[in-house]
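Undergrad: Let me give you the structure first, and then I'll get to my questions.
Each reported figure results from applying straightforward, stated rules to the coordinates on display, with no laboratory input. As the structure is a computational prediction, the values presented were derived from the model and not from experiment. We place every Cβ from the backbone using ideal geometry, glycine too, and count neighbours over all the protein chains shown.
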Amino acid sequence: MQVMKNSGQKGIIYASLTAFLWGFLAIALKVAVHELPPVTVVWFRFATAFIILSLWTFFFRREDFRVFKKPPWMLIAAGIFLGMNYLGFISGIEHVSPSAAQVFIQVGPVGFAVSGIIIFKEKINWKHIVGFIMVVSGILLFYTEKISELAYSENNFTAGMIMIIGGGMSWAVFASLQKNLVQNYPTNQLNLFIYGLCALLFLPFAFPGHFSSLYTGDWILLLFLGLNTVLAYGSLALAIKFTQATRVSVIITLNPIITFITMAILSRASVGWIEKETFSVLSIAGALTVLSGVITVIVAGNQNKMNKKRG
């Protein structure tokens with residue numbers, strides 16, 4: 001019993017680390033796109049993650065390199081959709097604030113839940129419906145409020161929102177493919193191939209020449225983004241290993257709260273390296289409605305699985 005309790009605590013710690021890393025990710029990306037084109041940043045993230053994971057694999061799990069000999073088509077597709085997720089998110093964040101990006105990207109886990117109903121034939125219940133309505137209502141409320149605030153802004157907020165939602169839906173497809181793949185392949189093997197594939201795909205569109213003009217602080221930021229990819233997904237895999245997937249999903253869904261709090265502190269401090277952000281009561285209400293809706297959908301999906309086991 002004590003072992004199970006300790007495992008559960010480890011799972012919560014790893015899930016919290018993932019949420020912490022993702023909570024700061026949107027802010028770091030917003031700063032990065034001021035210095036480099038989005039595609040170059042995406043390429044650097046995947047290339048750094050691939051190099052780090054390759055070194056670890058070489059010393060501890062050398063057999064995982066075998067996946068490169070004959071990768072399944074589903075794994076190739078998963079890599080392409082994760083690349084689209086990264087590109088959509090960072091391209092959209094050029095036009096919206098980090099907090100707004102964190103709200104709109106929540107269509108990802110909701111889209112994954114929808115795929116479970118359509119593809120994996122999971123039963124839909126009233127909690128699913130309530131959760132879906134809350135997510136859509138919250139996004140509409142948040143979007144409407146932000147548009148009214150930015151009426152005279154030059155930022156193309158709507159285009160940014162569409163890019164991020166597209167990135168979120170791409171992640172939902174990736175997660176659905178990954179759900180099938182993890183049943184037959186180790187997580188490390190999957191991540192190794194996906195990082196390598198994406199680094200290769202984005203290489204022709206990256207502009208490494210821009211790196212020559214970067215300062216020490218810019219390099220630290222880029223290295224953080226690369227490490228964030230490895231550490232966040234590695235912690236997520238360990239979290240799922242040690243505790244229930246639903247508990248993990250709920251914890252990582254709360255990562256936008258970290259973004260909101262951090263942006264509020266930075267805005268109040270009036271730092272010069274990121275644009276100030278304002279939060280109205282309605283925009284906060286919209287964001288909380290979205291997060292509550294996502295958690296409702298996740299919990300509803302878990303109850304379906306529990307009912308199947310009992311049946």
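Undergrad: Post the alpha-carbon centroid distance, the stretch 185-224 to the stretch 258-299, in whole angstrom.
TA: 28 Å
Undergrad: According to a simple spin-label model (label point 7 Å from Cα along Cα-to-Cβ), what is the distance in nm between residue 179 and residue 9?
TA: For the pair residue 9/residue 179, the computed spacing is 3.3 nm.
Undergrad: Shifting gears a bit: Would you mind finding the longest exposed-site-free stretch of the chain, with exposed trypsin sites (Lys or Arg not before Pro) meaning DSSP loop and at most 16 other Cβ atoms within 10 Å?
TA: The longest such stretch corresponds to 124-275.
Undergrad: Here's something else I'd like to know. Shape call for the stretch 155-311 from the C-alpha gyration tensor, a ≥ b ≥ c root eigenvalues: rounded (a/c under 1.5), prolate (a/b greater than b/c) or oblate?
TA: Oblate shape, in that a/c is at least 1.5 and b/c is the bigger or equal ratio.
Undergrad: Related question: Is it possible to state the helix-based mean residue ellipticity at 222 nm for the chain, with each DSSP H run of 4+ residues giving -39500 (n - 2.57), the sum divided by total residues, to the nearest 500 deg cm²/dmol? What is it?
TA: Result for the chain, helices only: -26500 deg cm²/dmol.
Undergrad: If you take semi-axes √(5λ) of the Cα gyration tensor in Å from the coordinates, which of (i) 31, 22, 18; (ii) 29, 27, 18; (iii) 26, 22, 21 do you get?
TA: Among (i) 31, 22, 18; (ii) 29, 27, 18; (iii) 26, 22, 21, the one derived from this structure is (ii).
Undergrad: Residue 285: net charge of surrounding residues, Cβ under 13 Å, Lys/Arg +1, Asp/Glu -1, itself excluded?
TA: With Lys, Arg at +1 and Asp, Glu at -1, the neighbours total 0.
Undergrad: Multiply the residue gap between residue 223 and residue 119 by 0.36 nm, knock off their C-alpha separation, and tell me the result in nm, one decimal place.
TA: Working it through step by step, the gained length comes to 33.7 nm.
Undergrad: Round to the nearest 0.05 the FRET efficiency obtained for residue 74 and residue 213 when R0 = 30 Å and r is the Cβ-Cβ distance.
TA: So the FRET efficiency works out to roughly 0.15.
Undergrad: Return the FRET efficiency for the residue pair residue 148, residue 244: r is the Cβ-Cβ distance, R0 is 51 Å, and the value is rounded to the nearest 0.05.
TA: That pair, residue 148 with residue 244, gives E of 0.80.
Undergrad: With the cut-off at 27 Å, tell me which of the pairs 30/121; 146/179; 123/241; 69/179; 10/123 have Cα atoms farther apart than that.
TA: Beyond 27 Å: 30/121; 146/179; 10/123.
Undergrad: Can you give me the distance in nm between label points at residue 285 and residue 257, each placed 7 Å from the Cα along the Cα-to-Cβ direction?
TA: 2.0 nm
Undergrad: A follow-up question, please. I'd like the distance between the alpha-carbon centres of the stretch 1-76 and the stretch 88-114, rounded to an integer number of Å.
TA: Taking the Cα centre of each part, the stretch 1-76 and the stretch 88-114 sit 19 Å apart.
Undergrad: Further question: In whole percent, what relative contact order does the chain give with Cα contacts below 8 Å and a gap of six or more residues?
TA: Result for the chain is 41 percent.
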